[in-house]
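My structure is below; once you've seen it, I'll send some questions.
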Amino acid sequence: MSEILLECKHIKKEFDNLTVLEDINLEVRRGEVLSIIGPSGSGKSTLLRCCTLLEKVDRGEIIYLGRHVCRMNESGEKPEYVSKDQLRGFHDCFGLVFQNFQLFPHYSVLRNITEAPIHVKHMPRAQAQEKARELLSMLGLADKADAYPYQLSGGQQQRVSIARALALNPQILFFDEPTSALDPELTVEVLKVIRALAAQHMTMVIVTHEMSFAREVSDKIVFMENGQVQAFGSPDEIFSSDQERIREFIGKLSD
Amino acid sequence: MNWSTMLLLLSEGLLTTIAVFVLTLLFSLPLGLLVSFGRMSKNKIVQTLVKVYISIMRGTPLMLQLIVVYFAPFYVFHLKISASYRFVAVIIAFAINYAAYFAEIYRGGIESMPQGQYEAAKVLGFTRAQTFFKIILPQVIKRILPSVTNEVITLVKDTSLAFVIAVAEMFTVAKQIAAAETSVMPLMIAGVYYYIFNLLVAIAMEKIEAHYSYYK
Ligand SMILES: Nc1ncnc2c1ncn2[C@@H]1O[C@H](COP(=O)(O)OP(=O)(O)OP(=O)(O)O)[C@@H](O)[C@H]1O
Ligand SMILES: [Mg+2]
């Protein structure tokens with residue numbers, strides 16, 4: 001089996017006494033595509049936000065490539081994150097694609113992609129631009145380098161945001177409902193890109209409501225409900241589950 | 001007094017007016033950003049102090065503030081007020097007053113930015129300073145330009161308040177000539193000068209807004 005890139009152990013997260021994640025355990029291996037499905041409010045986004053360090057956990061451990069981002073303190077009561085400087089080092093490990101893209105509207109497409117490699121990774125500008133152009137042509141956007149985000153369709157914007165994340169060579173790319181803000185035709189072009197990345201063995205964790213896509217592209221599927229992992233397994237295992245809740249949920253979303 | 005002398009005196013006054021205008025903006029625009037940080041500070045003491053400062057600046061007449069700043073060294077510290085301090089007092093009073101207004105404009109702009117922009121920057125590994133200066137501030141500037149334009153145009157007219165401490169800006173000069181010559185002509189001419197000044201300011205601000213219109 002391939003190397004473990006990310007381990008989450010006993011993750012707990014609360015928002016003002018509302019428990020949103022409860023004892024979540026998760027493992028992501030290199031080259032694997034893991035989909036997270038589950039009803040609205042089950043904590044899928046919160047889990048991604050904890051993994052991408054946008055949100056701090058209230059309990060548990062997060063380990064990237066064997067290095068702890070956060071572990072429980074000696075008394076085992078509180079999680080302790082590594083220092084701010086060390087945290088920055090972990091930003092190499094992951095990328096995140098948002099539901100609503102979050103491109104930087106004042107930058108051209110090219111600059112959206114090159115800004116972080118140049119100013120965070122100190123890559124020479126020419127090299128960053130060359131890489132950005134490669135990514136753009138891979139994603140079918142070669143002619144959009146000089147456009148501004150407002151000039152693009154939602155599907156194009158989402159592909160640019162994927163390119164922006166890929167430009168930093170993340171070990172794992174997280175997607176939070178990458179197509180929910182898109183019309184069906186535009187959804188297709190974004191899913192095509194994700195499929196192509198899967199074929200290149202990009203490690204991805206995808207929160208999605210696209211059931212047939214999840215079934216087709218994933219190696220593993222996590223079904224979440226009420227802040228807990230209710231089921232974990234291969235697509236076939238999940239889609240043929242005899243658990244009432246899972247059947248009901250999948251049935252509702254599939255057509 | 002003949003026309004050319006009058007125009008010359010008024011033009012000299014105009015130069016002082018322009019100096020007050022430029023220096024006030026030079027100091028109050030950055031100071032306002034600092035003040036807005038204080039206003040948004042998580043430190044309750046800093047936040048409260050800044051709130052009080054802003055409310056005093058906005059709640060009392062600028063003319064009164066000018067007088068206080070001008071006489072404070074004498075009444076509070078028993079210092080002799082030198083003639084050159086007049087101009088300095090005007091710049092201090094205007095700068096701290098306009099900084100308060102600009103601070104509230106900045107704050108409105110900063111708070112209107114979607115959280116997602118900060119998060120996208122954070123996930124890409126930008127530092128907080130990079131995020132603010134590269135991602136947030138340029139977008140904030142575009143959003144607040146119309147409000148800033150309003151303040152800047154008000155400032156052109158407010159410079160005339162410097163007359164209360166007898167700084168020889170254009171309005172003070174116009175009033176003196178008008179009194180000496182018993183004529184409203186100097187005031188009319190000053191009015192025309194102010195109008196043209198503001199017209200130019202409005203054109204400049206439009207140019208700046210156009211510069212930022214390359215994206216939506
Ligand atoms: N910042 C927050 N403050 C308070 N409560 C929050 C916050 N973020 C999320 N929650 C709550 O946590 C729960 C889980 O939210 P989350 O967004 O993770 O669900 P989700 O599975 O992503 O749902 P969806 O499918 O609708 O996106 C919800 O009850 C939500 O109201
Ligand atoms: Mg969500």
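Bear in mind that the values in this text are calculations on the coordinates, not laboratory data. Values in this document were obtained by computation on a predicted structure and should not be read as measured data. Using ideal geometry, Cβ is built from the backbone for each residue, glycine included, and neighbour counts are taken over all protein chains shown.
Work out how much length B:V164 to B:Y215 would gain on full extension: take 0.36 nm times their residue separation and subtract the Cα-Cα distance, in nm to one decimal.
The B:V164-B:Y215 span can extend by a further 13.9 nm.
Please compute the net charge surrounding B:G125, taking Lys and Arg as +1 and Asp and Glu as -1 over other residues with Cβ under 10 Å from its Cβ.
+2
Please report the net charge: other residues with Cβ closer than 11 Å to the Cβ of A:V188, K and R +1, D and E -1.
Charge balance near A:V188 sits at -2.
Be a star and scan segment A:97-127 for residues whose amide nitrogen sits under 15 Å from the point 7 Å along the Cα-to-Cβ vector of B:F133.
Flagged as within label range: A:119-120.
If you don't mind, there's one more thing I want to ask. Only helices at least 30 Å long along their axis, Cα-based, and averaging 0.5 or more on Kyte-Doolittle count here, so list those DSSP H runs from chain B.
Both cut-offs are met by B:3-39, B:85-111, B:185-211.
If the reach is capped at under 20 angstrom between alpha carbons, list the aspartates and glutamates near A:K13, excluding any in the same chain fewer than eight residues apart.
Once the sequence-local aspartates and glutamates are set aside, what remains near A:K13 is A:E22, A:D23, A:E27, A:E55, A:D58, A:E61, A:E74, A:E77, A:E80, A:D176, A:E225, B:E119.
Right, something else. Determine the relative contact order of segment B:55-105: mean sequence separation of Cα pairs under 8 Å and six or more apart, normalised by residue count, in whole percent.
Once divided by the residue count of segment B:55-105, the mean separation gives 46 percent.
Only Cα pairs under 8 Å and at least 6 apart count here; give the relative contact order of chain B as a rounded whole percent.
Numbers: 201 pairs, mean separation 62.1, N = 216.
Relative contact order, chain B: 29 percent.
Could I ask something else about it? Based on alpha-carbon centroids, what's the gap between segment B:41-81 and segment B:159-216 in Å, whole number please?
Their Cα centres are 26 Å away from one another.
Then there is this: In the structure shown, do any of A:K44/B:K122; A:K192/B:K122; A:K9/A:K44; A:K121/B:K142; B:K122/B:K216 have a Cα-Cα gap over 18 Å, and if so which?
Beyond 18 Å: A:K44/B:K122; A:K192/B:K122; A:K121/B:K142; B:K122/B:K216.
HN-Hα J couplings of segment A:97-104 from phi, Karplus 6.51/-1.76/1.60, θ = phi - 60°, integer Hz, Gly and Pro as x?
Going residue by residue, I get 10, 8, 4, 9, 6, 6, 6, 8 Hz, with x marking Gly and Pro.
Simple spin-label model, 7 Å along Cα-to-Cβ: B:R58 to A:N17 in nm?
3.5
Placing +1 on the Cβ of each Lys and Arg and -1 on the Cβ of each Asp and Glu in the protein assembly as shown, which of A:M138, B:Q130, B:I177 has its Cα farthest towards the positive end of the resulting dipole?
Working it through, the farthest residue towards the positive pole turns out to be B:I177.
Same structure again: Got the relative contact order for segment B:28-126 handy, in percent, Cα pairs under 8 Å and 6 or more residues apart?
43
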